[in-house]
Each structure stands twice: as C-alpha cells, then as structure tokens.
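Just so it is clear, none of the values below were taken in a lab; they were calculated from the coordinates. Given the structure is predicted, the values throughout are model-derived calculations rather than measurements. As a convention, Cβ positions derive from the backbone with ideal geometry for all residues, glycine included, and neighbour counts pool all protein chains shown.
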Amino acid sequence: MAIPDPIVARAQQLRDEILHHNQRYYVLDDPQIPDAEYDRLLRQLQAIEQQYPELITADSPTQRVGGTPLKGFAEVRHDLPMLSLNNAFDDGEVNEFDQRVRKLLALDEDAPPVAYVAEPKLDGLAISLRYEAGSLVRAATRGDGVSGEDVTQNIRTIASIPLQLSAGDYPPLLEVRGEVYMSKRGFAQLNSRQLAREEKAFANPRNAAAGSLRQLDSEVTATRPLEFYCYGIGVVSDVFSVASHHQLMAQLRRWGLRVQPQMAVVMGAAGCVDYYQQLNKARDQLPYEIDGVVYKVDEIEQQQRIGAVSRAPRWALARKFPAQEEMTRLLAIDIQVGRTGALTPVARLEPVNVGGVTVTNATLHNEEEIQRKDIRVGDTVIVRRAGDVIPNIVAVVMARRSAGSEPFQMPQQCPVCGADAQRSADEVVTRCSGGLYCAAQRKEAIKHFASRRALDIEGLGDKLVEQLVARGLVNSVADLYKLDAQQLATLERMAEKSANNLVEALERSKATTLARFIYALGIREVGEVTAASLANHYGSLENLMAADGESLEEVSDVGAVVAAHVVAFFKQAHNREVVAALRDAGVHWPDIKVVARADLPYAGKTFVLTGTLSTLSREQAKEHLQALGAKVSGSVSAKTDYVVAGEKAGSKLAKAEKLGITVLDEAALIKLLESAMGREVRDDSIE
C-alpha cells in the first residue's frame, strides 16, 4: 500500500528542518531553536520512519548525529563512530527501555534486575581525546558522528583535561570520550566580561562552550572557563580488566581524568526512576546546566550482547527533565491553516511566565485533544513548556470554570479560503479541501505542482515561488502559464537568460502524462503510485472527476479514505476552475486505453530498485514498471519477486542474494521493459 502523500511530505519537511538546525547548531554555533524543539522534530521523524521504514534515507538525520566540520579546522575521522542517544520523556518510556534490555539479554521474569550506571546529562559539547603512550595527541569534536573537527590546540588550554595520564598502567592507545561544558559561575563571569567590553553576551552556557571551543585562536579559548567530564571510551589498544562501566570510570579517574561525582549504579527501572527524581530535585543546586539523565547498562559484556543500531547504542538512554508548569487564563482559540491545509487550533493566553519565558500562545494540537481535555474559552488552564520549550495546555482547572461556558467546535469551512474543512475517520487533523486555491497552501501547492515527479518545471525553485506569490503574480498553479520573460526578469536573481529558460521550461511542462498531472494536483494521500492507478483505471481526467466514492474504491491502492479525499477535492468548484484553467493554458496529455490491472504483464509482481541506473532514472524505471502493473517497493522481503541492481548497489542486493530472489542488472531490466512494452525504452520521458 502506498505511503500517504502527507506522510512523505512531512518526513521530508522534518529532514530539511533538522538538517538546517544541525547546521545552525553544530557548524555555525548559532542555534535558532532550543534543544527541546530539536528533540521534538527528531522524535517526530523517528516515529514516521519507524512506521514507514521505506522512507529512511541514507542522509536522514536519524541516521546521523550532527553537522559537518567547519572549514577552519582539519577533519578527523573517528575510528569508532560517536553515537548519539535515544531519548525518553517519562517513566513509561524508561520502563519500556528496561524491558527491551531484558528481552535482548534473554532474562526471564525471575532474573534479578539489570544494573545501570546513571549520571547527569551535561548540556555541553561531545569531545574525543586520543592518548598515545599516555600523552594527549589529538582532540576532536563529534561532528557528524563519523568525522569531526581537530580542536587539539584549544582542548590543551582546558585545565581539567590532563595532557599526560597518570598511574602508568594505561594502554598504549586510549581514546577518552566526554563533554566539554561551562559551569554556571563561569558562564556568568564570561558574560560579565563580554558586556564590560560592550560585546554580545552568550545566550546560554552550551552556546558559550561551543563558541569558545571553536575559536581559531587558541589564546582566546584559554581565556574561557571551559571544563570537562569524561563518560566513556572509544578505541583502545589493549583490553584492560574491567567488567563494568562504573569500574571503567574508576580506572579513568585513577589515570587523572574527571568523572561525574553524581554518577551512581542503580538497579532496574525502579532504580533509574528514583535516581532521576532525586537529581531533578537537586537540579537547580548543581554547579552546571543539565538537561536530563543518562542511563547505561553497567556490565560491559551485556552492552556487547545488546549492541547498537546505526545511530544509537541500544544499551543506553537519555531521560529528559519534565516541563515547567504555571496557571493562566485561556482568552481565545484561533485557527491557523498550515502550508499543507491542516487546521490547527491555537490557544491565546493571558501572558504568564513559565520557566523564565513569557508565554502568550500554546498549541492545542487538534479537535480531539481539545475535546479529551474539555478545554473551553475562558477556562483557567495549566500551561507547560514541554521539554522546557513548547507551550502546551496540560489540563483545565475545573474548579475555576465559569458557568455557561460552551464546548469548542472546529469550523466547518477553512477560515482562509472558505472551502470545506474535513476530517477523515482515521485522522485527528482537520484539513482544508481547497488545495489548489487556498492562500495558506498556495506556495506549497505551486512547489508540489512544479516538482520533478509532477510537472517537472525546471528552474522554478522555492525562492522564486516565494517571490511570485509575494508579488501577486501567481495566485494558483494555472497562473504560472501566464508568466512571460519580461515579468520574470524583474525578479530577484532572475536575469534575461534565466527568465527565458523558465518560460521554455513552462512550455515544455505542458506536455505531460495523466498520472503526473493527477499527482501534481496535490490531492491528499494521492502519491505517485495511487495517481498511476487512478490514471490507468479511468483513462481520462473527465472520468476521474465524475467518479463517486464507490467507484473509486474499486481502484487498486485506493481505499475509503483516499476515495473520500478525491471526491472532496473535485467537489470544490475552485479546484475544478483551476483544472479547467490549466487545460485552457495548454496543459495536455494523451488519454490511456483502460486495461484491467490483472491483465497487465507484471500484475502481482513486486520489484525493488537499488543502486544507480545509467540508461534511465530510477523514477522513470519505477513509472515504467508501475504502468506494467508491478508494485515497486523500497525494501527487500521474502515477498519480493525481482531486485534491479544498478551501480553501487548495497545491502538490498546482499539481502536479495541471501533470500534467493531473482536479481536483474540494468541491461536485463531494459530488455524486460522493452519486451513488455513493445517499444524501445527512452531515457528522456515516459510516454
């Protein structure tokens, strides 16, 4: 079954946002959002990829740790990747972690609890220290987990990092990993000096530590109050006799390295929860900022048995601190319309200070959430900054509710364009159905329409779309075809040549296929596969627009939910007007001779594409195969019939060979396609 189009779009949006914030945080030392907001974005993406593994890409932030090295420092490749940690936000997730650990260790219910090392999670910068013959020879930042930045000269200025190990029985090669941070006192002193020199103060200790460590002049770093605690090791030349993590930390302390004094060994999930509660109470009294607790399975042999996934060890977990809460009054509930048509209720609050920040708005998520908590205008509510940042209404103080208050109702029409607002039975989000003309969705509709897999309008990038909409030149996708070179040449970064090129690209895009056009309309949950199924089933756009829900549910890849979205889309008069305007502008395609799907040559067969193809793109190969009735999947399983392996095919090819699945090279694929299609496969378009 096809992945819903909004899910694909949301995953890509999250990847783009996270990669942007990685750049701001790790490379530029100028974060735009707090860590808790970053955690939220990453957890959303992790949840989507867990539900839809085929959406995982090699460059997804979930497969990485951070950003790329600064050009001002030499690159260092870590001998062992510096992994990140998975996060938990409540006792339930800690219990689930403990249960997973016990399951991976094959422990039954009568087995004693697992021993964990618990320690504060410092809000600093992860560092790798390489000691050879006991001498510090290199220091590197985590970077992207695989490669970091050489900051050796700066690290040597930190007094709490020994330049030479003590005790004498250290291994010839030892990589120590830990956190560089700035204490609360040191941070206050640094900012006092900054202000005295009329220079910009740092926003927080973490930002100050990162900026100090990345100074190209180590003499500047030497003036900054940086400190260090170690939390583990990387590569080591000899295996020394320690059976547990806490013994390892004791050994590192003996060699002269700083170890967290609050570190403790706790037993089972109950011990983890108790440690967390105790540290949370003492949080404000600690000399440094922490944002949670880290748990690690203590026995090293157990760690090795449990192992790790690509991004994080399965034997460790970071538990975040709870949100801070205050009471205030709910003044109003406004409706915001997002770029993809989602109607989101937003609480307008009487200003209240929560954890040092004045909060005036809070997300209400959706209608179901409001009803579950019975939130009403005029209520006194408890506001929480989840993860120390996101304003959220936790509950209503019922004792203070005014008589005569009324339950909230979501609007039946979009407040921006007036189109019907709909909520599917299997969703909690209400959405506007006026996708082609709703002003709130205009930019995203145009970007989608012009994308490579839709009308493929080369040169119509995001920034240009922003300008066209901002200047009122394009109010719907049909207006794109009214643009001329003279208008375009007046836009920022658009010279005469690029303007002419875009006009030519618009003209070329008029000749398309029915499947691409249906996909380009941006109908909810109608992705490429579903669009192709609709095109092949109905043969013409007129037939599709006239179809009812019962007819649509007969189409492969279309269920009741998608059928309702299609009917709702074409029900809106403005959507039909835009479609008519596109056809009047010259957008055209050949109708399709309807063939029963069961009669297509590769109906019921599943293909997986991997590696790089040279004769045609993977997107073109996918379209050809789908047109022949095949299903094209992103992952190999026992149900896969063929794996097409191009250049640099990786793990999918290996899995196919292990399962005994038929593997086709590119030449065999071309031969298969040409035989089924009765014509030569071209590399420039899909006819």
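Using Cα positions and a limit of under 17 Å, work out the lysines in reach of LYS497, with same-chain residues fewer than 8 apart set aside.
none
If the only charges are +1 at each Lys and Arg Cβ and -1 at each Asp and Glu Cβ, what is the size of the charge dipole of the stretch 87-319 around the Cα centre, to the nearest 20 debye?
640
Length gain on complete extension for the stretch GLU553 to ALA485, per 0.36 nm per residue less the alpha carbon to alpha carbon distance?
Working it through step by step, the gained length comes to 20.1 nm.
Could I have the simple spin-label model distance between GLU325 and ASN353, label points 7 Å from Cα toward Cβ, reported in nm to one decimal?
According to this spin-label approximation, the distance is 2.1 nm.
P(r) of the stretch 324-400 in 10 Å steps, Cα pairs, percent per bin?
21, 54, 24, 2
In deg cm²/dmol and to the nearest 500, what is the mean residue ellipticity at 222 nm of the chain if only DSSP H runs of at least 4 residues count, each as -39500 (n - 2.57), divided by the residue total?
-10000 deg cm²/dmol
Quick one: plug the Kirkwood hydrodynamic radius of the stretch 183-290 (C-alpha pairs) into Stokes-Einstein at 10 °C, 1.306 mPa s, and report D in µm²/s.
D = 94 µm²/s.
Ratio of Rg to Rh for the chain, alpha carbon only, Kirkwood?
Rg/Rh: 1.00.
Calculate, for ALA111 and SER160, the FRET efficiency according to 1/(1 + (r/R0)^6) with r their C-beta to C-beta distance and R0 56 Å; round to the nearest 0.05.
FRET efficiency, ALA111 to SER160: 0.90.
Quick one, what does Rg over Rh come out to for the stretch 87-319 if you take C-alpha atoms and the Kirkwood Rh?
That ratio is 0.99, to two decimals.
Under a 5 Å amide H to amide H cut-off, with H placed in plane at 1.01 Å, what residues pair with VAL383 once short-range neighbours are removed?
Those qualifying (amide H under 5 Å, at least 5 residues apart or on another chain) are GLU326, MET327, THR328, VAL394.
Using packing as a proxy for protection, rank 263-276, 91-104, 401-414 so that the peptide with the highest average count of other Cβ atoms within 10 Å comes first.
The densest-packed peptide leads the list: 263-276, 91-104, 401-414.
Between MET677 and ASP217, 0.36 nm times their residue separation minus their Cα-Cα distance comes to what?
The span from MET677 to ASP217 would gain 159.1 nm if fully extended.
For the charge dipole of the chain, defined by +1 on Lys and Arg C-beta atoms and -1 on Asp and Glu C-beta atoms about the Cα centroid, which residue among ILE592, LEU331, PHE607 has the Cα displaced farthest towards the positive pole?
The listed residue farthest towards the positive side: LEU331.
Compute for the stretch 598-677: radius of gyration divided by Kirkwood radius, i.e. Rg/Rh, restricted to C-alpha atoms, rounded to two decimals.
In the stretch 598-677, Rg relative to Rh is 0.93.
So how far, in whole Å, is the C-alpha centre of the stretch 306-322 from the one of the stretch 184-198?
With the stretch 306-322 and the stretch 184-198 each reduced to a Cα centre, they are spaced 35 Å.
With the cut-off at 23 Å, tell me which of the pairs LYS103/LYS639; LYS593/LYS622; LYS447/LYS593; LYS447/LYS631 have Cα atoms farther apart than that.
LYS103/LYS639; LYS447/LYS593; LYS447/LYS631
Filter LYS184/LYS320; LYS200/LYS463; LYS571/LYS605 down to the pairs with a C-alpha to C-alpha distance above 23 Å, please.
Working: LYS184/LYS320 20 Å; LYS200/LYS463 31 Å; LYS571/LYS605 35 Å.
From LYS184/LYS320; LYS200/LYS463; LYS571/LYS605, over 23 Å: LYS200/LYS463; LYS571/LYS605.
Suppose each label sits 7 Å from its Cα in the direction of the beta carbon; what would the GLN409-ASP284 distance come out to in nanometres?
Calculated label separation equals 4.6 nm.
FRET efficiency for GLN189 and ALA395, Cβ-Cβ distance as r, R0 = 56 Å, nearest 0.05?
Step by step, r from the Cβ atoms, then E = 0.85.
What is the Cα centroid distance between the stretch 629-655 and the stretch 154-170, reported in whole angstrom?
Using only Cα atoms, the two centres lie 51 Å from each other.
Percent relative contact order of the chain, based on C-alpha pairs within less than 8 angstrom and at least six residues apart?
Worked out over the chain, it gives 10 percent.
Which FRET efficiency value, to the nearest 0.05, do you get for SER540 and ASN501 by plugging their Cβ-Cβ distance into 1/(1 + (r/R0)^6) with R0 = 25 Å? Intermediate values should be presented prior to the final figure.
Numbers: r = 32 Å, r/R0 = 1.29.
Calculated transfer efficiency: 0.20.
Once amide H atoms are placed 1.01 Å from N in the peptide plane, what residues at a sequence separation of 5 or more from ARG258, or on another chain, have their amide H within under 5 Å of its amide H?
Result for ARG258 returns CYS230.
Quick one: 3J(HN,Hα) in Hz for the stretch 80-90, Karplus 6.51/-1.76/1.60 with θ = phi - 60°, rounded, Gly and Pro as x.
Whole-Hz 3J(HN,Hα) from phi for the stretch 80-90: 10, x, 8, 6, 8, 10, 6, 10, 10, 10, 7.
Please list, ordered by chain and number, the residues whose modelled amide H lies under 5 Å from the amide H of ALA547; skip anything fewer than 5 residues away on the same chain.
Answer set, sorted by chain and number: none.
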